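Scroll down for the structure; my scribbles are underneath it.
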Amino acid sequence: MTSRERVLTAFAHKQPDRVPIWCGMSTEFHDKAKQQLGLDDEALRLRFGDDFRRVFATYAGPEFPLCEGATCRTPFGVERHGLGYGQPIRHPLADAATLDDVHNYAWPDPAWMDVSQIQSEAAAWGGQYAILGGDWSPFFHDAIDLLGMENLYIKMYDQPELVDALMQHMVDYYFDVSRRIFDAAGKVIDIFFIGNDLGSQTGPLLGPELFARFVLPHLRRLIGLGKDYNLKVQMHCCGGIEPLIPMLIDAGLDALHAVQPCCGGMDLVHLKAAYGSRMVFNGAIDSHHVLMKCTPEGVREKTREVLNIMMPGGGYVAGASHDSILEETPVENVLAMFDAVREFGVYR
């Protein structure tokens, strides 16, 4: 099978030739692995066996000078600082008191994202890999950035209509960016990949009622967009979100990435038995305790244990339980994980 065939077979809850491999890497780990192994970008992905490739729109809008100390700016004007993506310097809508305060905010224009090169970039892979596309659309994170986390929760009770307006503006933007991407290149994209972290180490950041009221309708809208273009839809979501999974299934979500087995409620045996016929699980090989701390032989054995649970019947993609393998992860452990998938993840 090609990588694309392998992935789409797994997404159809059928057994491909072997379990597909997912490799998400931080920039720091990517650079470290390239240096240690003496490989370029594509050769590194081939060595790890990654069955996916991803294409992006590029920003082509107005330039906004950063304030002193800021390292980046979100589409919604939140400046951040610190390591990696960092933390907000301030919450621009923290003092929003009326709907006009929300409606009159300087919302971005979807046309600022250039989609003109996406089709050619995706087509260059020659149909060999499963292509991920669409805007990441982390609107729950953006709401926290704009209002502040405690303030967002308070307003869900005290000013629900203000939270509704905020969410609507953000998702309108993400919806239109992704629609433009799919209009330009939907025929060469396989999976609409979105991301919203909704879980903590112990459970969901929002209970089922608040999730259903404020977040799920917008996820349902984005999932529906992907389905309109005949795409599978996968969402990245960290943490213990088991109570929310039935609602995500009902909303039409195809795949959940990256399953964290060390979080509350995320026992792999339970997840596979309860939801494995209706939800593709991507990840599940513990980044925190296994990939960072075990020996390569220990990683190999733990990977085999996860495969024994998750691979029967298809519907599983093997990878780390974190969106991006972090720099402090030993390269030899990542090699041990992916080599074990190729050895023990074969369907017979």
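The values are calculated or read from the model by the stated rules, or taken from the named source; none is laboratory data. The structure displayed is predicted, hence computed values, not measured ones. When we count neighbours, we look across all protein chains shown, and the Cβ atoms used for this are built from the backbone with ideal geometry, even at glycine. Areas reflect the complete protein model, heavy atoms only, side chains present, ligands, DNA and RNA absent. Shrake-Rupley method; radii C 1.70, N 1.55, O 1.52, S 1.80 Å.
Data overview
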| item | result |
| --- | --- |
| Residue, least open to solvent (accessible area, probe 1.4 Å), within the range 305-325, restricted to residues that are at pLDDT below 95 and of a type outside the set (S, T, N, Q) | D323 |
| Identity of the residue in the range 214-244, part of a loop (DSSP other than H, G, I, E, B) and modelled with pLDDT of 95 or more, that ends up surrounded by the most Cβ atoms within 10 Å (Cβ to Cβ) | I241 |
| Filter result (part of a helix (DSSP H, G or I), closer than 17 Å to R179 by Cβ and out of contact with any strand residue (DSSP E or B) (no Cβ under 6 Å at 6 or more places or on another chain)) within the range 107-126 | P110, A111, W112, I118, Q119 |
| Of all residues in the range 283-304 being touching a helix residue (DSSP H, G or I) at 6+ places or on another chain (Cβ under 8 Å) and buried (at least 22 other Cβ atoms within 10 Å of the Cβ), the one that is farthest from N333 (Cα to Cα) | A284 |
| Test: residue in the range 50-67 that is at pLDDT 95 or above, part of a helix (DSSP H, G or I) and within 30 Å of D145 (Cβ to Cβ) | no |
| Single residue of the range 87-104 satisfying the filter (open to solvent by less than 100 Å² (accessible area, probe 1.4 Å) and part of a loop (DSSP other than H, G, I, E, B)) that is farthest from L152 (Cα to Cα) | I89 |
| Filter result for the condition that a residue is of a type in the set (A, V, I, L, M), part of a strand (DSSP E or B) and open to solvent by less than 10 Å² (accessible area, probe 1.4 Å), over L146, L166, L132 | L132 |
| Test: residue in the range 36-48 that is part of a loop (DSSP other than H, G, I, E, B) and surrounded by 16 or more Cβ atoms within 10 Å (Cβ to Cβ) | no |
